[in-house]
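Computed from the coordinates by the stated procedures, all read-outs in this text should not be read as laboratory data. Note that the coordinates shown come from a computational prediction; the quantities given were computed from them, not determined experimentally. Every residue, glycine among them, receives a Cβ derived from its backbone with ideal geometry; neighbour counts consider all protein chains shown.
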């Protein structure tokens, strides 16, 4: 490896050069000092790339390689964050700034990488994020940090000049989780301890063993040299400035297990700890350990509930030209536990979109588990039979069987972008609202009994969607903040009628802010669907990349022309002959079914977006029919055999009755 240029060696941060082919050429002096000269001498035969990636944390390597390679190919400067192994065995976060240089020679250095240590910033950011989340989601009595701080506030300044609490992590290391100082000028110093492993890793096993014996330790005179030896080198300066003179360490024990320790120090006050101080500290820590254990158990439950909550929210919302979704979830500001609210929008293979929102009675992990179960039942049934009543009935039966003492409100709707219809049903959930282009707001449908109390025999409602407008779905937390549902509902209608809400790029967030500026006492979900009118009258009303043919089924000439145009569209899209032939047969069987059993007007739509398989829609005005994917008992019968052929050749197919008469057949065409 060639010696690095002098300019790179003079850079105080880690720096390296590389070719445009991502081949590293040289590293500077700071890099050699960071990884250690002994490490370098043992890796003399290794290439620069191998030395570099050996120092990168294994969890960051795949992502780092991908970003680095794609960034170098782009030809423009870029950034990357990853962890690098230091000579002492510690990984530290670095931010890489990779900059292109003037191309001096074909295989010469054309890229410069500079690595800035951001580990302290990264760790502090994690601490602040945790405190902010705890302050928002946890009540005072179950807030772990509040419990720790209250304990320290009792001790300082009465029983110590400063104190800290260490808790065991999963890797059996002690981490300082709270610290306080009687002198406001020293607060900055003790805060530097929080979130750090204060003991050198080599001494952790001995310290852990001493604490687990359950015996308190009194140090009348602190040996500063020994303390500095045990402490991590990053905190030596802090230890010196805090000037500990006498210390007492009390194990925090609950249910026969040591979860950490409380350490108190005299530093400025001319006092020393003695055995006589132990009963007070032991009684205090005995009570505190129970509170801390409860808070940690709650925190663990909250984290699991949060995972269920995140799982109940869609990773992404469907992308449909002419229709734009927007959704938010906002947790309660003063609830002890997360709730069971959810919203979902699932695009089916045939292009329809299943929308569901719901709210589980109660809160916490149990509510989150039930919420996830209800959402998955609705999703599962939708894949087989996308009918709102069937989905709600299945969820109701599941709830009654598995959680007989619970009830859930839910709303389910099936949106058909081609027919421009929305079939929906409610189980005790607040009615969605539809705002038309003129600003008029109307609720959708009526509400039945909640899941868990539901009775059979309810029916769905079909709404024909306007060319432009805004649909809003929400949970009751949006309208119950003032404990007056009627007033909340009217405020929601008034806000939705305002043009600045309807035209907002994020109407879900705008609605939430308009009604709950300071947050609410309940979780809130808001899902909106903006309907955008086509640019011209002859544009496709479905908002999709679609071809349409409309004619009378008796018009053989126009039917033949439509079939030819359909086949040509598939060929132009690049489908192979085998797939085109199968699609043409599906087209012929569905059209033939209309000619034989539903003569009259027929509309055929080939709907195809870049992200999904092509879907053939055939809409008629006949008496309607049902679809069963099986051969008729009489194999020579003219009835049923064609639909079985369609089912065999298509990836998926279904038939639904149109609310205004006729049937709508959908066939998802194979492309591979």
Between residue 23 and residue 532, how many nm apart are label points set 7 Å from Cα along the C-beta direction?
-> 4.8
Inter-site label distance for residue 57 and residue 405 at 7 Å from Cα along Cβ, in nm | 4.4
Please give the direction-averaged projected area of the C-alpha convex hull for region 546-668, in square nanometres with one decimal.
-> 7.6
Measure out, as a whole number of angstrom, how far apart the alpha-carbon centroids of region 340-385 and region 275-296 sit.
-> 45
Place a point 7 Å from the Cα of residue 497 in the direction of its beta carbon; the residues of region 430-470 whose amide N falls under 17 Å from it are 433-444, 470
For residue 573 and residue 153, compute 0.36 nm times the residue count separating them, minus their Cα-Cα distance, and round to one decimal in nm.
-> 144.0 nm
For residue 672 and residue 223, calculate 0.36 nm times their separation in residues minus their Cα-Cα distance, and state this gained length in nm to one decimal.
-> 154.1 nm
If N is the residue count of the chain, its Cα Rg over 2.2 N^0.38 Å rounds to 1.29
By average Cβ neighbour count within 10 Å, what is the ranking of 9-16, 176-183, 448-455 from highest down?
-> 176-183, 448-455, 9-16
So how far apart, in nm, are the two label points at residue 50 and residue 213 if each is 7 Å from Cα heading toward Cβ?
-> 4.8
So what's region 423-480 giving for Rg/Rh, alpha carbon basis, Kirkwood Rh from the mean inverse pair distance?
-> 1.01
Report the FRET efficiency, 1/(1 + (r/R0)^6), for residue 230 and residue 97, where r is their Cβ-Cβ distance and R0 is 35 Å, rounded to 0.05.
-> 0.40
Order of 147-154, 573-580 by packing, highest average Cβ count within 10 Å first?
-> 147-154, 573-580
Take the alpha-carbon positions of region 316-458, form their convex hull, and give its projected area averaged over all directions (one quarter of the hull surface) in nm².
-> 9.6
Stretch residue 349-residue 483 to full length: gain in nm at 0.36 nm per residue minus the Cα-Cα span?
-> 44.1 nm
Rounded, prolate or oblate: which one fits region 390-510, using the alpha carbon gyration tensor with axes a ≥ b ≥ c (rounded when a/c is under 1.5, else prolate when a/b beats b/c, else oblate)?
-> oblate
222 nm mean residue ellipticity, helices alone, for the chain (DSSP H n ≥ 4; -39,500 (n - 2.57); rounded to 500) | -11500 deg cm²/dmol
Longest principal axis of the chain (C-alpha) makes with the long axis of helix 144-155 (C-alpha) an angle, in degrees to the nearest 10, of 20
Pairwise FRET efficiency - residue 467 versus residue 237, Cβ, R0 = 56 Å, nearest 0.05 | 0.25
Classified through the alpha carbon gyration tensor (a ≥ b ≥ c as square roots of its eigenvalues; rounded if a/c is under 1.5, else prolate when a/b is larger than b/c, else oblate), region 247-377 comes out prolate
Order by protection proxy (mean Cβ within 10 Å, highest first), peptides 26-33, 277-284, 160-167 | 160-167, 26-33, 277-284
Relative contact order [Cα under 8 Å, 6+ residues apart], the chain, whole percent | 8
Within region 340-375, whose backbone N sits under 15 Å from a point 7 Å along Cα→Cβ of residue 310?
-> none
Calculated FRET efficiency, residue 551 and residue 490, Cβ-Cβ r, R0 45 Å, to nearest 0.05?
-> 0.40
Under the Debye formula (equal points on every Cα, no solvent term), log10 I(q)/I(0) of region 143-302 at q = 0.11, 0.12 Å⁻¹ | -0.39, -0.47
